[in-house]
Structure formats: C-alpha cells, structure tokens
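Readers should treat all values here as calculations from the given coordinates under stated rules, not as data from a laboratory. Quick caveat, the model's predicted, so the values are computed rather than measured. Ideal geometry is used to build each Cβ from the backbone, glycine not excepted, and the neighbour counts take in all protein chains shown.
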Amino acid sequence: MRFVICYSLALGAIALAGIAPADAAQGASAGTHSFVQSGHGFLLDGKPYQVISGEMHYVRIPREYWRDRLRKAKAMGLNTITTYAFWNVHEPKPGVYDFSGQHDIAAFIRAAQAEGLNVILRPGPYVCAEWELGGYPAWLLKDRKLVLRSRDPDYTAAVDRWMMRLGKEVKPLMLANGGPIVAVQLENEYGAFGDDKQYLKDLEATYRRAGLADGVLLTSNQPQDLAKGSLPGIPATVNFGSGNAQKAVTALEAFRPDGLRMVGEYWAGWFDKWGEEHHETDGRKEAEELRFLLKRGYSVSLYMVHGGTTFGWMNGADSHTGTDYHPDTTSYDYDAPIDEAGNPRYKYGLIAAAIADATGKQVAPVPAATKARTFAVSPIRRSASLWNNLPEPVRAERPMTFEELGQNYGYVLYRTALTRGPAATLKLAGMHSYAQVYIDQKLIGTLDRRLGQESIKLPARTAPATLDILVENTGRVNYSHAIRTEQTGLTGGATLDGAAATDWRMYRLPMDDVSTMKLTDAPCTAPCFYEAEMTVDTPVDSWIDMRGLHKGQFWMGDHNLGRFWSIGPVHTLYAPAPWMHAGINRLRFFDLQGDGSERLTTVDAPIYGAVTNIRDAQ
C-alpha cells in the first residue's frame, strides 16, 4: 500500500531532509519533492524517513514560549510535532471564530516549520486530551437531541462548518502547499467509542472538502480497538503507555501485517485529577521502550513531549462508567520530558540518548532550564462578596442548564423561594458538577459529583427563606459516551421531599471579566472575590502558592491562570513571565469558601502532594 503526496518543499521539511537552511529557498523553488507512506514506513524523496514526533498543544503554552518549547523538542531528537485543533477554543459561539493570540493555530504550525520541524495535525473534531468536553463546544449540548460523534445531521452540519473554517487556516500549511503538515489524523481513538465505519468515511469526505486530506491520512487507536476504529486504505497507528510496547506492536502487526508501523501515541507520562495522587512515571522504562520501537523501524509520537497548562476553565474530566466523575487539574505537566514550565526533566536526557542510539545521530546538549523565582505579594486587603455582584437574573419555571442559559463555563447561581416548613431533603438529580447550597446566604453544605452526591438535608424553617444553589462547572467529561449527556448545572431539576421546586431565578456568572468587581476593605462573607498585588522588578516565571486558599479560580492581570482546590494534588499555579509586567501586577481570585484566613505567596517550583482521604479533604 502506498500513499503519495507531492509538494514544493518548504524550509522546515528541507531542513529535516538534511539541506541547510541557507539553501532552503533555492531548493523549494527548484522542484517538487515527495513524502510517501509505503509498506511499513515513510519515504522522503524516495529515502526512508522515520517520524520521531512529540505532542504539544499551542493552547496550553503561552504564545511567547512556543518557539522555546519547539526548540527543546527538536534538541531532544524529534523531527515532528503533533497537535490537536481545539474546536471549542476556536468557535466559542456558533459561527464566531477566534484564531488570535494563543489560539492562532496557523502561527504555531509556522513556528514549528521555522524551527525545522514537521507537523502531524489532529483536527478531531473529538480530541479527548483531558480537555473540556473533548474539544467540543459546549453550545452543541443546548439541543439535547443532538448526538455527538454520530451521523446525526445537526451534529454533522456543525462539524462540516467547523472543518471548512479550520481548513482556511491550515490548508495553506499542508505539504502540497509548501507547509510542514506531513500527515493528518482522522478522528481520534474512535474504536474506543464506536464502530460506525460510515461515520468515519463521512468524516474523511469532510476532511477532503476542507482541504485537510491533501497528504497522508492516519487513524489512531488502542490495540484492542484497531479493527473498530480504522478504515481500509488509511494507515493505522497504535496508542499505548509504558510497559505495553511488545503487546501493542504485536497487535498492530497482526492487524495489518503489511501496513505502516507507527505509534500514534506513546504515553510518556500521565495526567493528574483533583483529589487523587500526583503521577510520575518511569523515564528509564520509557526510554528503553522508545529505543526498542525505533530500532524495530517504528515511527513514534510521544504523548506528551510537553504538557503545559490547561489555563482558564478548559480542563476535562474522566468518566468510564457514565456515573463516575474525575475532573482533571489545571496543571497538565503530564510528567512529560519537558515539564510544565518548559524545563527538561531527568527523562529528557534518557529519551534523547535513546533516540540518538536508535538513529545513530549525536546527542545534543540538554537545554538550560528556564529561570524561575519568587516575588513579593501584598496581604489580601480588598474583597467583594458574590452576593453584592450579581447580574440581572433569567427567570424560568424550572432550572435551566448552563447551555440553555447560553453560558459555557464558570458558575450559575440558582435561586428560589422557600416557605416555612419542616426539615426537607433537597435532591439535585444530575447536578453537574459541584454545588454549594445556602439558605438566606448561610452555607448549608456542598454537593460534589466526584463523590456521587446529589442530596442534602435542609433544616426546618420558621419563616419564608431564600434557597441559593451555586453550581460550578468543574470540567465536562472528555472521554466515553458520557460526553453526549454532559449538560452542566441543575440538569435534572430540583425536588424537595420529592416535589419539584419551581419559579427560579438564575444568575449567569461566566466571570469573563473580574476587573469590574466592586472591591472594598470591609470583611467579606464567602463566596468572595479577593485582590492582592505582586511586585515584579523583572518578569520571570514563577508559581502562585495556593495552599492558603480553598477552592476557586485565579487571575493574574487579564489572564485566567486556572483553578485551585485545596484537596490537591497540585498546590501551585504556573505564572508565566510573558503575562507579567515590571511593577505592580494585580492578582485576583474567587474563593467559594473564603473565611478571612486567605494568604498568597509565590514559590520558584511547583508543589505536589498526595491526598490520603478525599472525603475528609473537602
């Protein structure tokens, strides 16, 4: 089986073929070159070419650091970078697109090319990636009849529109047009989800209409899912983690004896979830398996070479049964060879040595670490109560979901009136995903989807009262069929002793701009917004120590750094230097459980810890 693409060879691809950058322009204009998949491998200009790739995501890295991370990946011995395209970042509202700043996927791909790296693009639309709803825009869930990852006409119409728009950004960067994109992955581990071959064929046709299939197409699945997630005529790759190399290659070679030998994802680490232990993996074993794969002739992509940070609200969550729920942390360090702040960790050198040994190339020096330091932070003096900063409500007979309210992320406050009466059980069926329950602004308790909590006992009332339920979207599930029912908020209504609670006012709190909060020096009753000042002489990377806070969201200037939660295992937030300025930098945070004891400091390295009892750690 042979797949051929011809293109005017661009600077990055020529550099990878061994042509000096100074000769690149002349070479590009002198003729055409070929990149083909043939038999077990690839050919570049008719010569064997082994893809040695690593995954990093443009949205998880400050734009100012893209080139730094790419250089470090190349210095480790990589010749290719793999990335997803994140639909929900680029189309936050139907028909409204954002390819600016850190979301400029085309600029990231051009940066890779400028650093002499080829690119494998994974357009999805489903990407998994421990990313909110697996990359799907939350507004797709407004219509509960729409079925994600299916041939539902409403779903495919939205996908087609998105792919056409994405094509405008990246088609000029395909190999056929002189760009660095050597291959495009069709869907993403579809075999773990379904086996509708027509769905994959239709998506392939959409890719072709959008100009996303001018080169080599690939599928990517775990060993047990190869048959379900692959298509005849499209090379298959296999995904797996440390300790499973022999089993995985045996499965791929049995599935396609004469086909491509490539690992689409070799998991060189793992991700963290709130309330669970921090993950570290065996770099020596990973280096040994990578050496084994490369010497066997396999092309490989490391997932991740650099994880970065899931800034803002965009973390995903695991759910394997549909009822369990495990939200991911803001840190996406992944124990990758290049750590969250862009520094090579010990396994970087081990993997670089394995690549050099397998390819016969010289090991490059390990790049120097990025500087990090601490900064002075003022005491927290100014605050603002959420109760004093509520917007105009939306009124409805029943509780509406975030999606029905036109809100993707953040919080919604649900409010209704209670009559006097005895103690009663409040049930919030399908509450997604964390709620604090108040009567007359006094906290009664919390409900946490992680712990399967949907009910709480309300005390007796001797007079009419106000019931408030503050619901946080702590991250929609990004894996399994649960993505189809990931509406957020009070998705199943609310009952008191079995009777439906009605007549609701809902306050939308997306917290897109917290600079408008009315802060004062007066004591604050939680939940509260707080402000402190960080004094910076020269911007340098740092870490915000969150151990003095409880649960909420954090901003440095205009940048949403992400979530904090005292249950760990991550107790710091990455504060990148490009997002600081010399002088006073404003730090603001929203703490659901602020009690006046809050304190902020900075540290020069991340802090991790294990949780021994998540029920006691709330």
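How far apart, in nm, are two points set 7 Å out from the Cα along the Cα-to-Cβ line at residue 255 and at residue 558?
4.5 nm
From the phi angles alone, apply the Karplus equation (6.51, -1.76, 1.60; θ = phi - 60°) to segment 431-446 and give each ³J(HN,Hα) in whole Hz, x where the residue is Gly or Pro.
So the Karplus estimates, Gly and Pro as x, are 5, 10, 9, 8, 9, 10, 10, 10, 10, 6, 6, 9, 5, 8, x, 10 Hz.
Measure out, as a whole number of angstrom, how far apart the alpha-carbon centroids of segment 547-595 and segment 220-278 sit.
Centre-to-centre (Cα) distance: 36 Å.
Which length gain, in nm to one decimal place, applies between residue 224 and residue 394 when the Cα-Cα distance is subtracted from 0.36 nm times their residue separation?
Gain on stretching residue 224 to residue 394: 56.4 nm.
Send over the Kirkwood Rh of segment 390-509, from the inverse of the averaged 1/r over different Cα pairs, rounded to one decimal Å.
14.5 Å
Mind giving me the nanometre distance, one decimal, between the label points for residue 497 and residue 371, set 7 Å out from Cα along Cα→Cβ?
6.7 nm
Which residues' amide hydrogens lie under 5 Å from the amide hydrogen of residue 444, considering only partners 5 or more residues apart or on another chain, with H built in the peptide plane?
437, 438, 439
For percent of Cα pairs over 47 Å apart, which listed value, (1) 39; (2) 17; (3) 59, comes from the coordinates shown?
Identified label for the calculated read-out: (2).
Using the basic label-point model (7 angstrom from Cα toward the beta carbon), what is the residue 205 to residue 513 distance in nanometres?
Between residue 205 and residue 513, the simple spin-label model gives 4.5 nm.
Sort 383-391, 466-474 for me by packing, meaning the mean count of neighbouring Cβ atoms within 10 Å per residue, highest on top. Before the final figure, lay out the partial values.
Working: 383-391: 17.4, 466-474: 22.8.
The most tightly packed comes first, giving 466-474, 383-391.
Which lysines have a Cα lying under 16 Å from the Cα of residue 201, excluding residues fewer than 8 positions away in the same chain?
Here the lysines satisfying the reach criterion relative to residue 201 are 228.
For the chain, what does the relative contact order come out to in percent, with C-alpha contacts under 8 Å and a separation of six or more?
Relative contact order for the chain comes out at 13 percent.
At 222 nm, what value in deg cm²/dmol follows for the chain if DSSP H runs of at least 4 each add -39500 (n - 2.57) and the sum is divided by all its residues, to the nearest 500?
Value at 222 nm, helices only, nearest 500: -5500 deg cm²/dmol.
Please give me the summed charge of the neighbours of residue 58: other residues whose Cβ is under 10 Å from its Cβ, Lys and Arg +1, Asp and Glu -1.
+2
What list of ³J(HN,Hα) couplings, whole Hz, do you get for segment 449-465 from phi and the Karplus terms 6.51, -1.76, 1.60, once you set θ to phi - 60° and write x for glycine and proline?
4, 3, 9, x, 8, 10, 10, 8, 8, 9, x, 4, 10, 8, 8, x, 9
Spelling out what I want: for every residue of segment 265-278, take phi, set θ = phi - 60°, compute 6.51 cos²θ - 1.76 cosθ + 1.60 (Karplus), and round to whole Hz; glycine and proline get x.
Values, residue by residue: 9, 10, 6, 8, x, 7, 9, 9, 10, 4, x, 10, 7, 5 Hz.
List the residues, sorted by chain then number, that are 5 or more residues from residue 562 or on another chain and whose placed amide H is less than 5 Å from its amide H.
Sorted by chain and number, the residues that satisfy this are 312, 554.
Figure the gain on full extension for residue 277 and residue 378 (residue separation times 0.36 nm, minus the Cα-Cα span) and round it to one decimal in nm.
Contour length minus Cα-Cα distance gives 33.2 nm.
Looking at the square roots a ≥ b ≥ c of the eigenvalues of the Cα gyration tensor of segment 51-359, which shape do they give, rounded for a/c under 1.5, prolate if a/b is larger than b/c, or oblate?
It is rounded, given that a/c, with a ≥ b ≥ c, falls under 1.5.
Using Cα pairs closer than 8 Å and at least 6 residues apart in sequence, work out the relative contact order for segment 51-359, in percent.
18 percent
Can you give me the Cα centroid spacing of segment 470-504 and segment 129-181 in angstrom?
25 Å
Work from the charge dipole of the chain (Cβ charges, +1 for Lys and Arg, -1 for Asp and Glu, about the Cα centre) and give the residue of 413, 401, 370 farthest towards its positive end.
It is 401, whose Cα lies furthest towards the positive end.
Between residue 462 and residue 522, what FRET efficiency comes out of the Förster formula 1/(1 + (r/R0)^6) with R0 = 45 Å and r the beta carbon distance, rounded to 0.05?
Working: r = 30 Å, r/R0 = 0.66.
Efficiency computed from Cβ-Cβ geometry: 0.95.
Given the peptides 108-114, 89-95, arrange them by the average over their residues of other C-beta atoms within 10 Å, most packed first.
Highest mean packing first, the order is 108-114, 89-95.
So which trypsin sites (Lys or Arg not before Pro) in segment 318-394 end up in coil per DSSP with only 16 or fewer other C-beta atoms within 10 Å?
Counting only loop positions with at most 16 other Cβ atoms within 10 Å, the trypsin sites (Lys or Arg not before Pro) in segment 318-394 are 361, 371, 373, 381.
Just list whichever of 427/551; 295/371; 142/442; 518/551; 168/197 have alpha carbons separated by over 29 Å in the model shown.
Check vs 29 Å cut-off fails for 295/371; 142/442.
Can you give the local net charge around residue 193? Use residues other than it whose beta-carbon is closer than 12 angstrom to its beta-carbon, Lys and Arg +1, Asp and Glu -1.
Values: positive: 149, 228, 484; negative: 187, 189, 195, 196, 225.
So the surrounding residues net to -2.
Taking 0.36 nm per residue of separation and subtracting the Cα-Cα distance, what length does fully extending residue 442 through residue 43 add?
On the way: separation 399, 0.36 × 399 = 143.64 nm, distance 6.77 nm.
Contour length minus the Cα-Cα distance gives 136.9 nm.
How high is the relative contact order of segment 208-258, in percent, counting Cα pairs under 8 Å that sit 6 or more residues apart?
32 percent
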